[in-house]
Amino acid sequence: MERIPIPIAMLPQKSSSFSQATVREEKLGRNLSLGAIKLTEHIERVKKDAEDAAAAASDKDKDKDVAAGSAEGDAADAAGDGETPAPPPHEEPSLAELSAEVDDFLASRDGDAPLSISEVTLDRFASAVEVEIAQSEDDEDKWAPGEDGEQPPLLAAIRRIATLASALTASGGNNGAEGAVRYTIGVHRVTGVLHRAMTFVEDEFHELLEDPLVAKISHATDPGSASAKAMRRPPSFGHAAGAEQDRCVIPSSEGSGGGGGAEASQPFPAETVERLRAMVDAMVAAGYETECTEVFLVARRNALDTALLSLGYEKASIDDVVKMAWEGLETEIGTWIKAFRHIVNVGLSAEHDLCARVFAGSNTHLGRDIFADLARCAMLKMLNFTEAVAMTKRAAEKLFKVLDMYEAIRDGAPIVDAYLSSYETPEKGGDSRSSSGAEALADLKSELVSVRARLGESAAAIFCDLESSIRADAGKQPVPGGAVHPLTRYLMNYLKYVCEYKNTLEQVFREHHRPDSDDAPGHDSESSNPFAAQLMEVMELLHDNLEAKSRLYKDLALSSIFLMNNGRYMLQKIRGSPEINAVVGEAWARKRSTDLRQYHKNYQRETWGRVLNVLRDDGGITVKGHVQKPVLKERFKQFNAAMDEIQRTQGAWVVSDEQLQSELRVSIAAVIVPAYRSFLGRFAQHFTAGRQTEKYIKLSGEDLEGIIEELFEGNAVSMTRRRN
Amino acid sequence: MPATDSSSSSSSSSSPAHHTSFGRSILSLRHHGFPPTPDHSHSTDDREIDAFQRHAADLLLDLLHSDAPEILSLHWTRHLLDSFLICLEEFRSVLFAHAHAAALARAPLDRLLADFFDRAVKALDLCNALRDGLDLLRHCRKHLAIAAAALAPSPAGAAQLGEGQIRRARKALTDLTILMLDDKDAGGGQRNRSFGRAPKDGHQGRGHHRRSSSGSGSGSGSGSGSGSGFRSLSWSVSRSWSASRQLQAIGGNLPVPRPHDVASTGGLASAVYTMAAVLFVTAWALVAAIPCQDRGLHAHFTVPRTGGFPWAGPVTALYDRVLDESKNKDRKHSPGLLKEIHQIERCSRHLMEVTDAAHFPLDHDKEAEVQGAAHELVQVCETLKDGLDPLERQVREMFHRIVRTRTEILDCLSRPNANTTE
């Protein structure tokens, strides 16, 4: 076996086993065949391209290439005639004939009488495959299955050369070893072409994988650049690529094998998937599975990234998020939730589907690992933001957004779990391989669990912080008129909103709340629903806080009005929201109602009890059947003064709840008006009509009703006007 | 402190990747076993804080010891992270063992802790960037694996390496180089995928085309405008993020506690300072080792030798060692100082050289040479395969631990404020 040194650059030149002339003809023939169809029109361009490209290469290389180019020119009408004596041009054995020969050789290797195959056949076959590839370069349907569902001829050719290469290089018994020895030149020729074929398939694979959406964006931002062209046609086999350099506008429908206009989530029409799968099959069959999965993985990762970007989600560092103002962050969280939900609900299943369809059959495990890696990668990037939000300074207003995020994560977890569990029951024979995918998903799952816990803890802590903010609200200034305190208003509205997240919060408290050591004991009894317990704690604190505030009023009646107002407000809010009502419970509401009635009674007693005493004939007015006029006069004076005072002060008090206001007025009127009327009825006659009556009886029953009707208006002005 | 102990044990068991690889420190073990004596006299405090500082010094010294794995190797980096995690755990238990919540919230300790956690937050972004870097290395490994598989001798050893195999290996290594260089050169001019260095046969137009496409960058289709080849991986941090700046923020102007502060905090000010220094030097070495965005080691860091900090020497020595490594001439343009990255570079360069201008069929010497280089490749592959995943998990653990410790301490800082108003 003689060894002829062949520099890589010159490799297609043959060994000395062929005559010099043959070598040249062979080479020319191959060159011709590579570009046979377009050669004449492109020859000049090719030369130019060769020069351009070689600028970076050494001068020596450049010379060689130019030489090759001109050799092709010379060869325009010089047909390679191989070794058969003087066959007419273009009558080399066809690919089909060569393929049959190769198939025979391959088939015979298993038999008793292995055939041999000549170097020339190997070389011609390799060349024929090259031609096949070069010719199909521009063919839109090159990867489409042939009629009758056969694999496309191009793939068939590539597969055949892959099988041939492995047969020649493998050492399956004597034949293999013999093959390696006997067909040295052929081996290099065949493996060389195979490798180039694989590179070609890899490029095509990548091109086809490019998301139409991505392509669109790229076009928009970078119209007509070399890269945009590369989207459509990456460097590929043969000369045709050179022609692309002049093109500027790429019809979008060509870019992805007719996939233009498809949805971002489902970018690949069935026939594209079909072609992708055919390519995967070819690459895996030739042992190029790592190249194949890498290209696929990176392309889809970038596509997912772009999808996220198009959903408005931008990566932010934790440092930035922690420092961000809430208004800005709130918007970001909204975007994040939208993007996250989209990825989980739509993106993942689309990728899963794509992986499953492209990597089918014996390649299923590859697709599964890729999907797991994709899912993990895309989701982890999104979870960074979540971690950051959970780390921001806690504040009451953040609770709802944190809960929204929590819900998004919570709802996403079962989807990931479902994928994971499908990995944990590996298909037979795929155990060791599927484990890497399972690991990636398990990793993702644990990250989801962890970030969910972090959000949950944060939400629970924010809610628990209410306690301290209530405690901290210890103003010394009573609200004028005994009106509803701003704290009550704020807190009840907040709690009402909180209870719209009731189920989530119950879950959060059950799963993520670690009771602080200092307030743990009080909660034990109600540990079945720690959220409700915490809410009640807040309500009780508010109640206590309000009682303390009520003591700021010097007037006990006003104090009762204040408690009534606030109690009423709380009750109204609770009754008005089924969610909060469900948490607080009827018993609590009843207890509060009882309290309210008590405040009401206190008020009645405090204000009107005294007035009633004035009107009561307790033995002072009528003594032994005789009306004591001075006493009667004094009583009327007292009554008038009391009403005057009440009208002045309590007209300015505030009961903004109309129902409560009217209840109060009705109950006051019910007590005082009949009493006064009867008092009048009994004693008015004892005054002489005219001056005396006018002096002591200033109010009629109707007047009294009128005064009562204007109590709690919070409007002192109208009172004074009326008085005058 | 039963409450502290239970929370610490529950929090570590709830961690997604609980590491049993490093044992609990002596200190925290002690706290676990039985509660310390209730009287927190200053002398006990001082002793435990001293013990913490000395242990930190020992851990760092171990990393520089001659028995230690080679500095900046994967193995060593994992040791480094272990040491960091132990320190953090001890720091945490020192804080909780000594300071009642109210004590932590008292000036100046509250301010010192807030400053420390500000720095720690920056380390979190760093952890994410490092994870990206490890991911990059994982992809590098795949390209190495392609080359290794292409050059692997066939089972019976009878066949020779064919042109196709050599080209495939070279292509994989070229892709690898582009992946590693990534942002630096934007891959332009490097890309010549399938054809060694000499395009031929009229395929010139193709190589040319590829170069122009990768050079302009948007061929990547990622829309990120990264200017890198279509294989490039996106980072999880924003594009403006810089590891170098982050390092400066972690270590810059680290305040040496004043004697007055040390005294008024019962020595805890020193513990905070210790932890901040360990955090910095760990982050520094990790950024040095692992590829990440805008990797630069410009952050200056000094510890006063006279401050009586037992770890001052080891921290400075570690810092200087890493700095020396970064100044090494043939590592200057490396994407990371990790020994394994160096090995990748070295053996892929070696293989490229060996296979450059190869003549087929290869003669015996050449074949042996190629096989030798391929063997190196396989070894690097194995090391990476075994080392990357655990390291990534540790980086993740570092992330989680920092977050958790921060949350715990900040909770403590905020709680007594509420209580005092009662």
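The values are calculated or read from the model by the stated rules, or taken from the named source; none is laboratory data. This structure is a prediction, so every number in the text was calculated from the model and none was measured. Every residue, glycine among them, receives a Cβ derived from its backbone with ideal geometry; neighbour counts consider all protein chains shown. Side chains included, ligands, DNA and RNA excluded: accessible areas come from the protein's heavy atoms. Shrake-Rupley method; radii C 1.70, N 1.55, O 1.52, S 1.80 Å.
Assorted remarks:
- Of the residues screened, B:Leu27 is not one that is open to solvent by less than 30 Å² (accessible area, probe 1.4 Å) and either at pLDDT 95 or above or under 22 Å from B:Leu137 (Cβ atoms) (or both).
Matching residues to (1) touching an Asp or Glu at 6+ places or on another chain (Cβ under 7 Å); (2) of a type in the set (Lys, Arg); (3) within 30 Å of A:Val284 (Cα to Cα):
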site: B:Val94; (1), (2), (3): yes, no, no
site: B:Arg106; (1), (2), (3): no, yes, no
site: B:Ala120; (1), (2), (3): no, no, no
site: B:Ala123; (1), (2), (3): no, no, no
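- When B:Val322, B:Val287, B:Val370, B:Val315 are checked against the criterion of being touching a Lys or Arg at 6+ places or on another chain (Cβ under 7 Å), in contact (Cβ under 8 Å) with a residue 24 or more places away in the chain and open to solvent by less than 10 Å² (accessible area, probe 1.4 Å), a single residue qualifies: B:Val287.
- Residue that is least open to solvent (accessible area, probe 1.4 Å), among those in region B:59-96 that are in contact (Cβ under 8 Å) with a residue 40 or more places away in the chain, part of a helix (DSSP H, G or I) and of a type in the set (Asp, Glu): B:Glu90
- Filter pass, A:Ala669 being of a type in the set (Gly, Ala, Ser), at pLDDT 90 or above and open to solvent by less than 30 Å² (accessible area, probe 1.4 Å): yes
- Which numbered condition A:Leu455 misses (of (1) surrounded by fewer than 20 Cβ atoms within 10 Å (Cβ to Cβ); (2) in contact (Cβ under 8 Å) with a residue 12 or more places away in the chain): (1)
- Flag for A:Glu702 being within 18 Å of A:Arg610 (Cα to Cα) and without any contact (Cβ under 8 Å) to a residue 24 or more places away in the chain: no
- Close contacts from region A:150-169, counting a first residue that is without any contact (Cβ under 8 Å) to a residue 60 or more places away in the chain and farther than 18 Å from A:Thr121 by Cβ and a second that is open to solvent by less than 60 Å² (accessible area, probe 1.4 Å) and outside any helix (DSSP H, G or I), with Cβ to Cβ under 8 Å and a gap of 6+ residues or different chains, come to A:Pro153/A:Gly146; A:Leu154/A:Lys142; A:Leu154/A:Trp143.
- Residue match in region A:350-365 (condition: over 21 Å from A:Val508 (Cα atoms), in contact (Cβ under 8 Å) with a residue 40 or more places away in the chain, open to solvent by 20 Å² or more (accessible area, probe 1.4 Å) and not in a helix (DSSP H, G or I)): yes
- Within the option set B:Ala149, B:Ala129, B:Ala114, being within 14 Å of chain A (Cβ to nearest Cβ) and open to solvent by less than 10 Å² (accessible area, probe 1.4 Å) holds for one residue only, B:Ala129.
- Restricted to helices (runs of 4 or more DSSP H) entirely inside region A:611-702, those with at least 2 residues that are among the hydrophobic types (A, V, I, L, M, F, W, C) are A:629-650, A:658-683.
- Tally of residues being of a type in the set (A, V, I, L, M, F, W, C) and open to solvent by 40 Å² or more (accessible area, probe 1.4 Å) across region B:263-273: 1
- Selection count where residues are open to solvent by less than 30 Å² (accessible area, probe 1.4 Å) and either under 20 Å from A:His485 (Cα atoms) or of a type in the set (Ser, Thr, Tyr) (or both), scope region A:581-606: 6
- You will find that of B:Val403, B:Val378, the residue that is within 16 Å of A:Met391 (Cα to Cα) and assigned to a helix (DSSP H, G or I) is B:Val403 and no other.
- Residue check for B:Ser21: within 14 Å of chain A (Cβ to nearest Cβ), surrounded by fewer than 16 Cβ atoms within 10 Å (Cβ to Cβ) and modelled with pLDDT under 50: no
- Counted residues, region A:476-528 - those being at pLDDT 85 or above, at negative phi and of a type outside the set (Lys, Arg): 30
- For region A:472-485, the criterion of a residue being within 14 Å of chain B (Cβ to nearest Cβ), assigned to a helix (DSSP H, G or I) and farther than 28 Å from A:Phe385 by Cα is satisfied by at least one position.
- A:Lys428 modelled with pLDDT under 90, out of contact with any Pro (no Cβ under 9 Å at 6 or more places or on another chain) and either open to solvent by 10 Å² or more (accessible area, probe 1.4 Å) or within 14 Å of chain B (Cβ to nearest Cβ) (or both): yes
- Residue count, region A:679-690 (criterion: out of contact with any helix residue (DSSP H, G or I) (no Cβ under 8 Å at 6 or more places or on another chain) and either on the phi < 0 side of the Ramachandran plot or at pLDDT 90 or above (or both)): 5
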